[in-house]
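Note sheet for the following structure.
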Amino acid sequence: MTHSGGIERFIRPDLVTFGGYSARKSPETLEGKVEVPVENIIKLDANENPYGCSPRVSQALATCPDFNIYPDNGQTRLRKLLEGYTGVDAEHIVAGSGSNQLIDLVLRLLISQGDEVINCVPTFGIYRFSTELCGGTLVEVPRSGNFAVNISAVRAAISGKTKIIFLTNPNNPTGTITPQQDILELVDTGLPVLVDEAYYEFGGETVAPLVSQYENLMVLRTFSKWAGLAGLRVGYGLFPPKIADYLLRIKIPYNVNVAALVAVQESLKDIDYLMSRVKAIITERERLFGKLEKLEWLKPFPSQANFILCSVLTGEAIELRQKLQDKGILVRYFDEPLLRNYIRFSVGKPEHTDALIKALQEIGG
Ligand SMILES: Cc1ncc(COP(=O)(O)O)c(C=O)c1O
């Protein structure tokens, strides 16, 4: 039986034209489309950790006996472990299947149709994605020339419908740090402020110790970047206890899987090892920056994270991305109002930097 309008008439009207999130391509989808075997692809497009996870994680997962049992829905052990790592009491902590899931949960908790979310653009795309999925309205406040958050413009953008202000520290894709006093100026508005510290371990600045002092300050972190666990999907947030309680109530049951729990436990036993990798990435970031600066047709921006954003001064970023992909090097390009013709390189191992620079020299501006 057919009806006029088809199955789409049952879809939420505001989602019929929803574009979705443009996630990065997995190397296996490029089989035969690049000049190198898939296993030789250099992935510098999603700010993953080129060194992988701690060897302790792989060993523990190989012998974990618990995969047939659901994880603890209340995340008791996980939250206690995260209390040890962050120094913030477990009652403030909620873990998610990646910090992306917590962005989604916080917005589900706060946003009803038409509520406003302040976003300091250019920034991470998921804030827009999840806001729109929740029926919220994104209010975009452009960052200033050097990508600093424009605090007075954010304050001016606040309306009776504002439900949350997003700050990313360091920011993706610009690598910029927002000073603590600027963050606190926005916290003083009394509105919920979410500081996404996905790259904290690379930048070293955090407002985590302040979470217990405010009713409206939230911090998000992840194990995807510093601990090399992007594929296992585990992140966490530090929230005022009341917000944490609500989030625990509205989250899907068992949202962090057993493998992720084991991986967090083992990673936190191996912090020195993982931080030595973080240090290697920071050293490599500075070496890559120096080499990019020498290419006259790219303008790199200083970064406190594990990636470097560049303005492409000659040629098209989209073509550059494609030519690098043909050579088996995946990078991210941007062509949007505040990032016209930009490219972002995640920091890899020294040999990845060498291959990238060689390819850039061959391609030219
Ligand atoms: C600023 C920012 N927040 C959150 C995430 C997502 O992290 P996760 O893998 O924990 O979902 C990313 C990933 O690139 C990011 O750049």
**OP:** Residue by residue through the stretch 204-229, note down the ones that are among the polar types (S, T, N, Q), part of a loop (DSSP other than H, G, I, E, B) and within 11 Å of the ligand (Cβ to nearest atom).
**Re:** SER224
**OP:** Output the residues belonging to the stretch 322-335 that are surrounded by fewer than 21 Cβ atoms within 10 Å (Cβ to Cβ), assigned to a helix (DSSP H, G or I) and without any contact (Cβ under 8 Å) to a residue 40 or more places away in the chain.
**Re:** GLN322
Original post:
Only one of VAL219, VAL187 is closer than 28 Å to TYR254 by Cβ and open to solvent by less than 20 Å² (accessible area, probe 1.4 Å); which?
Top reply: VAL219
**OP:** Given the conditions (1) touching a helix residue (DSSP H, G or I) at 6+ places or on another chain (Cβ under 6 Å); (2) under 30 Å from ARG56 (Cα atoms); (3) outside any loop (DSSP other than H, G, I, E, B); (4) open to solvent by 50 Å² or more (accessible area, probe 1.4 Å), report the number of the one that VAL278 does not fulfil.
**Re:** (4)
Original post:
Among all residue pairs at least 6 apart or on different chains, which show Cβ distances below 8 Å where the first residue, located in the stretch 244-266, is in contact (Cβ under 8 Å) with a residue 40 or more places away in the chain and aromatic (Phe, Trp, Tyr) and the second is part of a helix (DSSP H, G or I) and open to solvent by 20 Å² or more (accessible area, probe 1.4 Å)?
Top reply: TYR246/LEU109
**OP:** All but one of (1) in contact (Cβ under 8 Å) with a residue 60 or more places away in the chain; (2) within 9 Å of the ligand (Cβ to nearest atom); (3) touching a helix residue (DSSP H, G or I) at 6+ places or on another chain (Cβ under 8 Å) hold for GLU197, so report the exception by its number.
**Re:** (1)
Original post:
What residue, of SER97, SER152, is under 18 Å from the mean Cα position of the chain (by Cα) and not hydrophobic (A, V, I, L, M, F, W, C)?
Top reply: SER97
Subject >> Verdict on TYR254 being in contact with a Pro (Cβ under 6 Å, 6 or more places away or on another chain), open to solvent by 10 Å² or more (accessible area, probe 1.4 Å) and farther than 30 Å from LEU186 by Cα >> reply: yes
Subject >> Tally of residues being assigned to a helix (DSSP H, G or I), in contact with a Ser or Thr (Cβ under 9 Å, 6 or more places away or on another chain) and of a type in the set (S, T, N, Q) across the stretch 127-179 >> reply: 1
**OP:** Identify, by number, the condition in (1) of a type in the set (D, E, K, R); (2) loosely packed, with under 15 Cβ neighbours inside 10 Å; (3) assigned to a helix (DSSP H, G or I) that LYS299 doesn't meet.
**Re:** (3)
Subject >> Residue count for the stretch 11-51, restricted to those that are in contact with a helix residue (DSSP H, G or I) (Cβ under 7 Å, 6 or more places away or on another chain) and basic (Lys, Arg) >> reply: 1
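The values are calculated or read from the model by the stated rules, or taken from the named source; none is laboratory data. Note that the structure is a prediction, hence the values are computed from the model and not measured. As a convention, Cβ positions derive from the backbone with ideal geometry for all residues, glycine included, and neighbour counts pool all protein chains shown. The accessibility values were calculated without ligands, DNA or RNA, using every heavy atom of the protein model including side chains. Shrake-Rupley method; radii C 1.70, N 1.55, O 1.52, S 1.80 Å.
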